Amino acid sequence: MTRRAATVRFALVPPAWAAASAVARAHGGGGEADGGPRDWHELAGAWPLEPLVVLPLLVTAWVYARGVRRLWREAGTGRGVRRWQAACFAGGWLALAVALASPLHPWGNVLFSVHMVQHELMMLVAAPLLVLGRPVVATLKALPPGRVRGLLRWTKPAPVQAAWALVTNLLVAWLLHAVVLWAWHVPALFGAALHSEFVHALQHLSFLLSAVLFWWAILHRGGGAAGYGAAVLYLFTTAAHSGFLGALITLAGVVWYPDYAGTTQAWGLTPLEDQQAGGLIMWVPACTVYIVAGLALFAGWLRASGERARPRRAVATAEVRP
């Protein structure tokens, strides 16, 4: 493993710790499906601006902005981290803030469908955009040089490198993401998350971190046709199994998550209608994100294949000329 690659696992520690802390503390007010807003007026004022949620999010933004500012000041604007990559990180950070520090969070305590929106924001918006933002480069630049050298020394042991290589392997990351997604939608586990602050925080942490690892493996895959092909395959299979889960939830004739039974009526929904709406969110919009990402990588695969074939065609043409 190269020196740069070995740094990756700990270059993300400040922003990742801050984001993880925000996810965990977002459940400090109680995890049960009650006590949330009962109408639009209450929703408008339901801003869970807890310091232990907001401050970690601000630390994440500050670390990234500090690193990008230093990098652009030394190398020129757009060097190291491009403008569009910085915009991606900003979008991912904003999605995470909306999921954790806006009225969406308490609203998810009373509607299963809104809870699904919160999950999809973390897994399908925040996670890929944060990864696209090149947080490693920005974080390394934000840290003092001595701290970076210390992190490099800490990453040298073979077990540490092997563990990182394992969790960022595309197959392993895909499997972890799939297991986390399916396991937490088992009614007993989902209900446990609604009745325990600790379990609820663990649920959201596992959603976010498994999604970051999955998108990291997808977007930092090995080069060449094999890397593109594997990424496309795993995106389409993720769309297939997550869509199937969404279809099961949508088409179920009974309520799987009875903890919302007493809170949906205030919003004009029966518990089953609320569950069906949540399943549709996972089935259609969420699957669309995976499919669009897979098609984009497939287009990149074709473009890269064409670029590799062009020199060979030029050589072949030159050889047949008299």
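The values are calculated or read from the model by the stated rules, or taken from the named source; none is laboratory data. A quick note: this is a predicted structure, and the numbers were derived from the prediction, not measured. Ideal geometry is used to build each Cβ from the backbone, glycine not excepted, and the neighbour counts take in all protein chains shown.
Side notes on the structure shown:
- Among the conditions (1) farther than 20 Å from TRP267 by Cα; (2) in a loop (DSSP other than H, G, I, E, B), the only one that LEU57 does not satisfy is (2).
- Of the listed requirements (1) surrounded by 13 or more Cβ atoms within 10 Å (Cβ to Cβ); (2) of a type outside the set (D, E, K, R); (3) closer than 30 Å to VAL255 by Cβ; (4) over 20 Å from the mean Cα position of the chain (by Cα), VAL148 misses just one: (3).
- The residue pairs whose first member lies in segment 270-285 and is touching a residue at least 40 places away in the same chain (Cβ under 8 Å) and within 16 Å of THR238 (Cα to Cα), whose second member is acidic (Asp, Glu) and not in a loop (DSSP other than H, G, I, E, B), and whose beta carbons are closer than 8 Å, counting only pairs six or more residues apart or on different chains, are ILE281/GLU120; MET282/GLU120; PRO285/GLU120.
- Residue check, ALA142 within 23 Å of THR288 (Cα to Cα) and surrounded by 20 or more Cβ atoms within 10 Å (Cβ to Cβ): no
- Which numbered condition PRO48 misses (of (1) under 24 Å from the mean Cα position of the chain (by Cα); (2) under 23 Å from LEU143 (Cβ atoms); (3) surrounded by 16 or more Cβ atoms within 10 Å (Cβ to Cβ)): (2)
- Between ALA286, ALA304, ALA277, ALA296, the distinction of being at pLDDT below 95, assigned to a helix (DSSP H, G or I) and crowded, with 17+ Cβ neighbours inside 10 Å belongs to ALA286 only.
- Looking only at segment 249-269, and only at residues there that are without any contact (Cβ under 8 Å) to a residue 60 or more places away in the chain and farther than 21 Å from VAL186 by Cβ, the one that is surrounded by the most Cβ atoms within 10 Å (Cβ to Cβ): GLN265
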